[in-house]
Amino acid sequence: MMAGGWRAGLDPAALGYVIQSTSLGMAHVIRAGLAVIGVVLLLPGPGSRPGSTLAILAFAGAMASFAWSGHGAATEGSAGLLHLTADIVHLIAAAVWLGALAGFCLLLARPRPGDVEGTSRALTGFAVLGTGAVAALAITGTLNTFFLVGPDGLGRIMGSTWGVLLMVKLALFVLMLGLAAHNRFTLAPALSRALDGGAGTQVQVRHLRLSVGLEMLAGIALLGVVAVMGVQMPPASM
């Protein structure tokens, strides 16, 4: 895209310039390197606690590097550091939430009898971390919107494609939040009570599978909306 065509984009000199002379290119290289390091650290298996911790840090760094591909890296001055930091926190919080959903989808897909109890503990244990991720998303999302829209751009939000996409994103976020609250306060406790009472858990697992699956689909749709927003012009820049 920066070179204007595939042939020019694959030119070694052009690639070398982007990698060495732009923050976007350096972020791509660092992201790829950290992702490879994280995968290598996990190859021996999840039993190694130091290896797993280092892998988490590597993947968190890879996720944080996306901030240099977005609007946060374009803000200048002292406010730029705050905007970039908010972007990084937003990205990592989103990764925690969506990553947990992906894990729960795998656990609930075809659970074996011995796995249901572990899944129940995981769902209960994620409650505090998930709440923190949601709070971080809400706070940093508000900051990012202020930076992108500006104090005089609030009235122009609905008059722009970016603003309409923002409303769709917020609607999907609220949907995910509602499903997450339903899982935490209704479905997960029901599964825990069924396990404690020695009753069958097929119904509870099925309900959780449906709810978590819907939450995951809403999250994927939200990522799609964010991708389109990334190439639109915010109202403050119009």
Exercise for the section: Over 19 Å, how big is the tail of the calculated P(r) for segment 12-133, in percent of all Cα pairs? Expected result: 62
Problem - More than 16 Å apart - percent of Cα-Cα pairs taken over segment 1-73 - result: 58
Problem - Largest to smallest principal axis extent of the C-alpha atoms in segment 184-237, angstrom - result: 59, 17, 9
Fill in the blank from the handout: In nanometres, the difference between 0.36 nm per residue of separation and the alpha-carbon distance of D196 and V174 is 4.7 nm
Exercise for the section: Order R206, R121, R184, R110, most accessible first, counting only protein heavy atoms with a 1.4 angstrom probe. Expected result: R110, R121, R206, R184
Completion exercise
Heavy-atom accessible area of segment 97-238 with neighbours in place, 1.4 angstrom probe: carbon+sulfur share in percent works out to 70
Practice task
Report the extension gain between L15 and I139 in nm, rounded to one decimal, defined as 0.36 nm multiplied by the number of residues separating them, less their alpha carbon distance.
Solution key: 41.0 nm
Problem - Cβ-derived FRET efficiency at R0 35 Å, A181 paired with T85, nearest 0.05 - result: 0.80
Exercise for the section: Enumerate the helices in the chain for which the Kyte-Doolittle hydropathy averages 0.0 or more and the C-alpha atoms extend at least 24 Å along the helix's axis, using complete DSSP H runs. Expected result: 23-42, 78-109, 113-149, 161-182, 202-229
Fill in the blank from the handout: A student applying the Cα gyration tensor rule (rounded when a/c is under 1.5; otherwise prolate if a/b is larger than b/c, oblate if not) would label the chain oblate
Practice task
Rounded to the nearest 500, what is the 222 nm mean residue ellipticity of the chain from helices alone, with -39500 (n - 2.57) per DSSP H run of 4+ residues and division by all residues?
Solution key: -25500 deg cm²/dmol
Fill in the blank from the handout: Between Q232 and R49, the FRET efficiency computed from the C-beta separation at R0 = 41 Å comes out, to the nearest 0.05, as 0.45
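Can you compute the charge dipole magnitude of the chain about its Cα centre, using +1 on each Lys and Arg Cβ and -1 on each Asp and Glu Cβ, nothing else charged? Give it in debye, rounded to the nearest 20.
That gives the chain a dipole magnitude of about 540 debye.
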Completion exercise
In whole percent, the fraction of accessible protein surface over segment 1-41 that belongs to carbon or sulfur atoms, probe radius 1.4 Å, stands at 74
Practice task
Using the charge dipole of segment 69-227 (Lys, Arg: +1 at Cβ; Asp, Glu: -1 at Cβ; taken about the Cα centre), state which of H71, L98, G198 has its Cα farthest towards the positive end.
Solution key: G198
Fill in the blank from the handout: In Å², rounded to a whole number, the accessible area per residue of segment 140-197 with probe 1.4 Å is 54
Handout entry: Full-extension gain in nm, L214 to L106, via 0.36 nm per residue minus C-alpha separation
Key = 37.5 nm
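For segment 104-238, what is the Kirkwood hydrodynamic radius in Å, using each pair of distinct C-alpha atoms?
Working: mean 1/r = 0.0596 Å⁻¹.
For segment 104-238, the Kirkwood estimate is 16.8 Å.
The values are calculated or read from the model by the stated rules, or taken from the named source; none is laboratory data. Quantities reported herein were computed from a predicted structural model and do not represent experimental measurements. Please note: Cβ atoms are built from the backbone with ideal geometry, for glycine as well, and neighbour counts cover all protein chains shown. Protein only, heavy atoms only, side chains kept; ligands, DNA and RNA dropped before computing areas. Shrake-Rupley method; radii C 1.70, N 1.55, O 1.52, S 1.80 Å.
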